[in-house]
1. Determine whether B:ASP274 is within 10 Å of chain A (Cβ to nearest Cβ) and out of contact with any Gly (no Cβ under 7 Å at 6 or more places or on another chain).
2. Being within 17 Å of C:ILE192 (Cα to Cα), modelled with pLDDT under 90 and either away from chain A (no Cβ under 13 Å) or more than 12 Å from the chain's Cα centre (by Cα) (or both) narrows it down to one of C:GLY49, C:GLY41, so name that one.
3. Which of the residues that make up region A:88-100 are over 18 Å from the mean Cα position of the chain (by Cα) and surrounded by fewer than 16 Cβ atoms within 10 Å (Cβ to Cβ)?
4. Just a yes or no: is a residue in region C:134-148 facing chain A (nearest Cβ under 10 Å) and either buried (at least 16 other Cβ atoms within 10 Å of the Cβ) or hydroxyl-bearing (Ser, Thr, Tyr) (or both)?
5. What are the residues in region A:217-255 that are assigned to a loop (DSSP other than H, G, I, E, B) and of a type in the set (A, V, I, L, M, F, W, C), if any?
6. Among the residues that make up region A:125-141, is at least one of them within 12 Å of another protein chain (Cβ to nearest Cβ), in a loop (DSSP other than H, G, I, E, B) and more than 30 Å from A:ARG245 (Cβ to Cβ)?
7. Mind listing whichever residues of region B:172-196 are more than 12 Å from chain A (Cβ to nearest Cβ) and in contact (Cβ under 8 Å) with a residue 24 or more places away in the chain?
8. Please go through region B:99-144 and give me each residue that is part of a helix (DSSP H, G or I) and touching a His at 6+ places or on another chain (Cβ under 6 Å), ordered by number.
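The values are calculated or read from the model by the stated rules, or taken from the named source; none is laboratory data. All figures in this text were calculated on a predicted structure; none of them were measured in a lab. Here the Cβ is made from the backbone with ideal geometry for all residues, glycine too, and neighbour counts use every protein chain on show.
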Amino acid sequence: MARFLIRRLLQMVLVVFVLSVMLFLWLRALPGGTVSAILGERATPETRAALTKALGLDEPIWVQYGKFLWRALHGDFGTSTRVLPGADALDIFLTRLPATIELSAFALVFAVALGIPLGYVAARRANSPVDSGLVILSLVGVAVPVFFLAFFLKYQFAVDHNWFPVSGRQDNLSCTRITNFFVLDGLLTRELDCSASALKHLVLPSIALGTIPFAVIFRITRASVLDVLGEDYVRTAESKGLTARVVRGRHVLRNAMLPVVTTIGLQTGLLLAGAVLTEKVFNWGGIGNALADAFQYRDYSVLQILILAAALIYVVINLLVDISYAIIDPRVRTR
Amino acid sequence: MTPANPMTRRKDRIDDLAATAGSDRAAAVREAGSVDEKPGVSLIASAWQRLRRSPVFLIGAAITLVFVVLALVSPLIAPHDPAANLLLDQVRPQSNPIPGPQPGYPLGADDVGRDLLSRLLVGSQQTLIVGVFATIFGLTGGMTLGILAGAFGGWVDSLVMRIVDVLLSIPSLLLAFSIAALATRPSQLTVIIAVAAVQVPIFARLLRGSMLAQRHSDHVLAARALGVTERAVVFRHMLPNSLGPVIVQSTLVLAVSIIDAAALSFLGLGNPNDRQPEWGQMLGRAQPFIYDNPHLAVYPALCIIVVALGFTLMGESLREALDPKTRR
Amino acid sequence: MTATATTPGSSRHGDEPLLSVRDLRVTFTRQGEDPFTAVDGVSFDVRPGQTVGLVGESGCGKSVTSLAIMGLLPARGNRVEGTATFEGTDLLTLAKDKMRDRRGRDIAMIFQDPLSSLNPVVPIGRQVTEVLERHKSMSRKAATPVARELLDRVGIPDPDRRLTDYPHQLSGGMRQRALIAMALACEPRLLIADEPTTALDVTIQAQILGLLKELVTESGTALVMITHDLGVVAGLCDEVNVLYGGRIVERGRRHELFASPRHPYTTGLLASIPRLDGARGAPLTPIPGSVADNLPWEHACAFAPRCSQPVDRCTEQSPELEHDDGGRALRCFNPVEATS
């Protein structure tokens, strides 16, 4: 297990290094580049040249990369030009991260709490009307563009029916901030109305963001349970006369969950991409929304930190998935 | 299963799909030996037999067919020029920015007075182009890399696959956004490239995985034992058997590209030129009007959902038909 | 060793049968396909402590027979008729939960492929103790030493370590031994073994068969041995039922059946076994054709197309299973001449 971890960590370092090179090259290749981003399109050639020199952009590319890496390792990603002019890019990321984690967590809970039980039920009743209905629902779930679903939910349940708030993370309640996870903060400070308000704001965005993971988790669970139900060891378990509960829990679900765990991890990583769209629709103060703005207004400092962070988070989540997989599957563990 | 690096899980899924190609033969043989023996029925033929009876596949195929035919004939049946601002005089910023339905314009017009029905009809064309070309580009890129890695092996294989791994370590939609952002002058082509680029590493892994899985399968070993040249083994024996998962993936990519293209438009990374309408672009453009005139967004969205569903239904039933495990 | 006696407490003859299968018929009814009768009126008895073989090629219905008796056929897509009376209770009409109570306690089963038959993510020990917990109301803690004892008894070395091992850490033979330990945990009165050695190496096969023989003799467990391999039957079974196309075509006590097989199918099976004591260079004679050539039993002998000595009647009339006084039975219009 220790060797497995070390090997995996080394690979991760390599991947992150290659990622940083790619990110660096990507930033250089962006139209207009850093100089135009700072000076705008109408700057004179002289000022451009001066800034180019000042920023070290006339140096050899590998020197530039070295400096880029050095600054990045020190948390210096520059200042935002458009999203929040003048703010430190890393600060933007850090202050907005809790909002995105909170939203992603609830979206994931929605997806898992619905996906796994429904997937199991569908598999047990394979080819019944219930099963077909759920499968079609899951296929539609994947076919709907995320931002349209977000708009639809917002329009139906916030604008039209006023059941849920239209946007933002919380009503104006002058709540105390501790962790910037609003639900958690409310609980910690006993300001339960703060928590309640935050929860209410979370409902629609979580559903919008969680629909694709739900559909994917549902289908993997269904396929996996179907596979396992046909396995010889389930027949063995039945031949031993074990109770239905034990057969289901110890023999069917424990095996069927292996690919599901993988999928959940994968989907957690992908939530970040979906968050870009969902957060924009609900004007959610997280990194997804910032990323959307950064793309739209070409805010390079913000883009580089957020993209690097997104890739990092994704890589780390995948590492965690591998580790948890090794923990639950003895065949991987003992190798 | 020996996971090889941090992104293994996603890769494993791709590899699992790939491995089904290798196991097809073995399973077919196993099956032939069991109770109901149907000699001479090849995998493709039996898959087709099952598809023909599958309502899921038929619905998916019907949607796809209607969509393709519409894309071909829509310029002929569209009541108006989709780019002409015919009802521009009815667009009044203060009171009523969007002309509603009226004689000759059953769905009304968009925010600059262009006939909505015509735009939806003709929009199928560009939408199909985005889907098909994104798939073709992604497939070509991925196939080249995959075959390169699979055929040369050694350091070429390692290098190609490491690059693929790194690309897979970025959430795919985010990668598409990043690539689209590189375009100095966004156009339909840059949208297609951005959407296709995301699929390249997926196809590459898929193809290499399924070719690797077959390298040791009986029919490839048999071909080698018979003295078939390496080239012929790759192109005549391994590649055709890898096509199953590739076809399945392609069908699904058709759907994904159309949806991703819409997301690009939504973020302002899409094609700014809307004289030739495309559903994703129409949907993205409808944002500012979504509360007062939701129909501007709902119509293109429904079109996208139905078509994406059609492709997905086809892809899923194909996957099922080609998967020896589900064959009974 | 002969078919009778030699085991302690074996006052077998005249005993009520432990299991009595009558007219068992299993029909698979899959949507969009013609119904397929896999088992077509099979009847046989198993007396306490007796070992009975069900022999035939794959697809002859022997495995389906055992799964039907165990109530392990898929819930949908099949129809089971007839009776399987076990100690006075018909298992086929028994309520699901009542059947659950019996499986693993009164009747146990071991399967062909020991790797796929073991749960890959649950330790071996746990897979043994769960049977004890279920049927003997033991706590997990109390069951563990019993499980260790069982593993030891089936010849698994270092049983303490093996308790926490996972199936993939065991060799094929060890896995089958572990499965046997699970099956015998509650000292069932009947054990059904479905091709228990097919997936194993030849040397291991002999060991496992030896173990099975020893265990059933020791405990007085009745054994139904399902196999395609007459060699397995030769060393183990008191009585042999030869199945073809879902019907029993010949039955007899082991030594009688081997000494003078009457059905051409049985002779064919015997002739296709390689023999060490046969003349060098003597060719093996496989049975021509496959089960795909079968005729429908309703108005012919299913085996006729592959038979070495068919007569006209074979394709015109369905042969009945004729019993003689000595416990032999035969379904054939033109049997092979008795040699003794």
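1. Against the criterion (within 10 Å of chain A (Cβ to nearest Cβ) and out of contact with any Gly (no Cβ under 7 Å at 6 or more places or on another chain)), B:ASP274 does not qualify.
2. Of the residues listed, the single one that is within 17 Å of C:ILE192 (Cα to Cα), modelled with pLDDT under 90 and either away from chain A (no Cβ under 13 Å) or more than 12 Å from the chain's Cα centre (by Cα) (or both) is C:GLY49.
3. A:ASP91 - this is the single residue of region A:88-100 that is over 18 Å from the mean Cα position of the chain (by Cα) and surrounded by fewer than 16 Cβ atoms within 10 Å (Cβ to Cβ).
4. To start, the set of residues in region C:134-148 that are facing chain A (nearest Cβ under 10 Å) comprises C:134-135.
Still in the list and also either buried (at least 16 other Cβ atoms within 10 Å of the Cβ) or hydroxyl-bearing (Ser, Thr, Tyr) (or both): C:134-135.
Yes: region C:134-148 contains one or more residues that are facing chain A (nearest Cβ under 10 Å) and either buried (at least 16 other Cβ atoms within 10 Å of the Cβ) or hydroxyl-bearing (Ser, Thr, Tyr) (or both).
5. Matches in region A:217-255: A:LEU242 only.
6. Within region A:125-141 (the criterion being within 12 Å of another protein chain (Cβ to nearest Cβ), in a loop (DSSP other than H, G, I, E, B) and more than 30 Å from A:ARG245 (Cβ to Cβ)), the answer is no, since none of the residues qualifies.
7. To start, the set of residues in region B:172-196 that are more than 12 Å from chain A (Cβ to nearest Cβ) comprises B:187-189, B:191-193, B:195-196.
Listed by number, the residues that qualify are B:SER187, B:GLN188, B:VAL191, B:ILE192, B:ILE193, B:VAL195, B:ALA196.
8. Going through region B:99-144, the residues part of a helix (DSSP H, G or I) turn out to be B:116-144.
B:SER118, the sole residue that qualifies.
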